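To start, the structure itself, in structure tokens.
The values are calculated or read from the model by the stated rules, or taken from the named source; none is laboratory data. As the structure is a computational prediction, the values presented were derived from the model and not from experiment. With ideal geometry, Cβ positions are generated from the backbone for all residues, glycine too; neighbour counts draw on all protein chains shown. Only protein heavy atoms, including side chains, enter the accessible area calculation; ligands, DNA and RNA are left aside. Shrake-Rupley method; radii C 1.70, N 1.55, O 1.52, S 1.80 Å.
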Amino acid sequence: MNRDDQDTGAQRPRSAAGQRSAERPHGRTERPRGRGEDYLPIAEHGLIGDLRTAALVGTDGRVDWFCAPRFDSPSVFASLLDVRRGGFWEIAPVYEVVDRNQFYFPDTNILITRMFTVDGIVEIQDFMPILRENDAEHQQRLVRRVVNIRGRIPMSTRIAPRMNYARDGHRSERIPEGVRFTSDALAVSVRASVGLELDDTDAYGEFVLAEGETALFVLETSAGAAGPGGSGGPAGSAAGSMGSMGSAGTVGAAAAEELFMATVAFWRRWLSRSTYTGRWREMVHRSALTLKLLTHEPSGAVIAAPTLGLPEQLGGVRNWDYRYVWIRDAAFSLYALLRLGFTQEAQSFMDWLTERLRDATDGEAGPLRVMYSIDGHPHLPEEVLGHLEGYRGSYPVRTGNDASGQRQLDLYGELIDSIYLFDKYGAGISHESWTDLCAVLDWLLEHWNTVDESIWETRSGQQHHTYSRLMCWVAVERMIRMARRRGLPGDLGRWISVRDRIYHEIMARGWNDEERTFVQRLSAEDGQQPADILDASLLLMPMVKFVSPVDPRFRSTVEAIRRRLVVDSLVFRYDPEQAPDGLDGTEGTFSICSFWWVEALVRTGDVEAARLSLEKMFTYSNHLGLYAEQIGLTGEHLGNYPQAFTHLALISSAINLDRAMG
């Protein structure tokens, strides 16, 4: 937006990976959790990735989520969505863990999970190697290095892939120094410095580490039995690509160290380009590193989150697939990256976006879609994975997203506002891009006053949303600014006339004079009071320069939101009882709205309250500084995780509060 031109106990064997029950009916993977839990809390996971895909690693040493070779590919491990059927990769001490913690190697996305037992301390270092930017020879690997810090510790591992969201079977076989699992579409090879045994569809191993010793595991993916080269392809590609990790008998401790240090250097080199020097460097930089992890480097696309199906209410039906490019979210991300000085990422996304503008076609939903696949495909039909129970029984589990076919008029404002910022602070847009934008604007000038689903993607039918009108105003106003600043051609007379019509409509039909607040939906006609439904998205009004932050109308809107949508520093997006959204159940507070609340307080001059709210929001992050989409009223993380939208809002609110504080 244009805001500024664990339990303790005596030593006893737990149900370790190599000691699991042999009873596995219908291909189910028996997988007991420590501490009596079937599922870890969502927040008890860290994220690693290689700018092509990502994995979630629990504080118990399990890879609970991993799709390959891309973010939106089918899963290899998905026990996050079904603890028995989904598949996992566990590494853990054989004896009970009495405490554990997890942290990132400083200024990187290398994750370290530390476990304490009565016999000593062990660390698991998880990372996906990245050697250099835009590496045409990038090799996708997931490296797990187990390091004994103190004592003598028996360890176990179980590798239980379940290909294609646990729908495809696979063949298991030995390879030099490890095992390979091959399905029709994908081959997953794991080489290790310790012995691995095959057990039906899984592999497992037990080993003992003395103080200072290390065990190494390296997972690689390649085409499966139906992939290039037929049945012989996977073996050849795996053997050749794994050779860099050392010859037989070594599984390259030295090579693994080189990969570790090269990945450290990559992340630190990237982060050094940040221009942020404010008070909350650690949180801002962790958010920047997270946004980078959610970037698909080959295409420049920025996904909304790396997961699907994580519930907005435990046991509820609000479970969506977020592994796609939301135009709105990515546009906000572009703003955040530009504010931090990451112009290369902004340029890459602009290149991706330019292709979408060029491919824009008129249709019922408009020339642009709400979301696209990483490759830019607009059709993402929903499919229910009926065989998966969902996170803690939160069913259904969906892939795809039917919201891709909705009309959401607000996205044009968010998109054009970010392009305006890129044109002003980045390399600037081309003649072709300007021509494409003008064509998109022509459509918007004809359709701005129609109904839509708007930012929250409700499924209760289209409405005249105030926020959508606001962002239509932004779209037209920013086009006017760009044309005037650079002398670009455009029908300024028409543009100005429509801009002013939108402004007057919001003021006349989006303002409830009795309650003294802007509201979610416009009234049917001028002079009629609109329904008294609050919406936290209207906190953005001064940030997009629609109203002054000290305008009495905005100040009274802030007070109304404070009374009815704010709980401590947490903010609900709206009240579903007042404005039914077509879905059963409830939801938590929206983290992005909580950071918008901070910015609104800054804008209205309540800097101390803004600082307190920001600091409180930091306490709602998980142990790594990551946020899911929502925070429940008991503090649990809900929804897909981690969410780009939330982290970019954190960056924006911290930057603006820093400036206000001097």
*Estimated inter-spin distance, residue 633 and residue 659, nm [label 7 Å along Cα→Cβ]*: 3.7
*Residue-averaged 222 nm ellipticity for the chain, from DSSP H runs of 4+ at -39500 (n - 2.57), nearest 500*: -10000 deg cm²/dmol
*Would you mind pulling out the separation of the Cα centroids of region 508-523 and region 392-456, in Å?*
25
_Quick check: residue separation of residue 172 and residue 528 times 0.36 nm, minus the Cα distance between them. What number comes out in nm?_
121.3 nm
*Can you give the direction-averaged projected area of the convex hull of the alpha-carbon atoms in region 526-603, in nm²?*
6.0
*In Å², what does the accessible area per residue of the chain work out to with a 1.4 Å probe?*
34
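For region 303-379, what is the per residue volume of the convex hull drawn over the alpha-carbon atoms, in cubic angstrom?
Numbers: hull volume 8.5 nm³, N = 77.
Enclosed volume per residue, from the Cα hull, is 110 Å³.
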*Could you please put 593, 438 in sequence from largest to smallest accessible area, using a 1.4 Å probe?*
438, 593
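Per the 1.4 Å probe, what fraction of the accessible area of the chain, in percent, lies on carbon and sulfur atoms? Present the calculation step by step, with values, prior to reporting the outcome.
Values: 10910 of 22440 Å².
Of the solvent-accessible surface of the chain, carbon and sulfur hold 49 percent.
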_Packing rank of 74-87, 117-130, where each peptide gets the mean count of other beta carbons within 10 Å, highest leading_ = 74-87, 117-130
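The chain: Rg/Rh from Cα coordinates, Kirkwood Rh?
0.99
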*If r is the Cβ-Cβ distance from residue 198 to residue 269 and R0 is 45 Å, what FRET efficiency results, to the nearest 0.05?*
0.65
*asked:* Let's test this: bin the Cα-Cα distances of region 320-443 at 5 Å from zero up to the farthest pair and state each bin's percent.
replied: 2, 11, 20, 20, 17, 12, 8, 6, 3, 1, 0
*Label-point separation, residue 619 to residue 136 (7 Å along Cα→Cβ), nm*: 5.3
*asked:* Could you give each residue of region 468-483 its phi-based ³J(HN,Hα) in whole Hz, using Karplus coefficients 6.51, -1.76, 1.60 with θ = phi - 60°, and x for Gly or Pro?
replied: 5, 4, 4, 6, 5, 4, 4, 4, 5, 4, 6, 5, 4, 4, 4, 4
*So how far, in whole Å, is the C-alpha centre of region 182-206 from the one of region 55-112?*
16
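Using just the Cα positions, wrap region 55-212 in a convex hull and report its mean projected area in square nanometres, one decimal place.
Numbers: hull surface 40.3 nm².
Hull-based average projected area comes out at 10.1 nm².
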*asked:* Taking 8 Å as the Cα distance limit and 6 or more residues as the minimum spacing, I'd like the relative contact order of region 606-647 as a percentage.
replied: 29
*Burial order of peptide ranges 168-176, 556-564, 609-617, 408-416 (average beta-carbon count within 10 Å, highest first)*: 408-416, 609-617, 556-564, 168-176
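May I ask for the Kirkwood hydrodynamic radius of region 431-506, worked out over all distinct Cα pairs and given in angstroms to one decimal?
About 13.2 Å for region 431-506.
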*Along each of its three principal axes, how wide is the spread of alpha-carbon positions in region 373-501, in whole angstrom units, largest first?*
58, 33, 21
*Starting from the Cα-Cα distance between residue 351 and residue 578, subtract it from 0.36 nm times their residue separation and give me the gain in nm to one decimal.*
77.6 nm
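Quote the FRET efficiency, to the nearest 0.05, computed for residue 462 versus residue 553 with a Förster distance R0 of 25 Å and r equal to the Cβ-Cβ distance.
Details: r = 26 Å, r/R0 = 1.04.
Calculated transfer efficiency: 0.45.
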*In a solvent-free Debye calculation with one equal scatterer on each Cα, what is log10 I(q)/I(0) for region 126-197 at q = 0.18 Å⁻¹, listed in the order of the q values?*
-0.93
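Between Rg and the Kirkwood Rh of region 459-549, both from Cα atoms, what is the Rg to Rh ratio? Provide the component values of the computation, followed by the final result.
On the way: Rg = 14.4 Å, Rh = 14.0 Å.
We get a ratio of 1.02 for region 459-549.
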_Debye log10 I(q)/I(0) at q = 0.29 Å⁻¹ for region 586-648, Cα point scatterers_ = -1.23
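Quick one: length gained pulling residue 508 to residue 379 fully straight, 0.36 nm per residue minus the C-alpha distance?
42.7 nm
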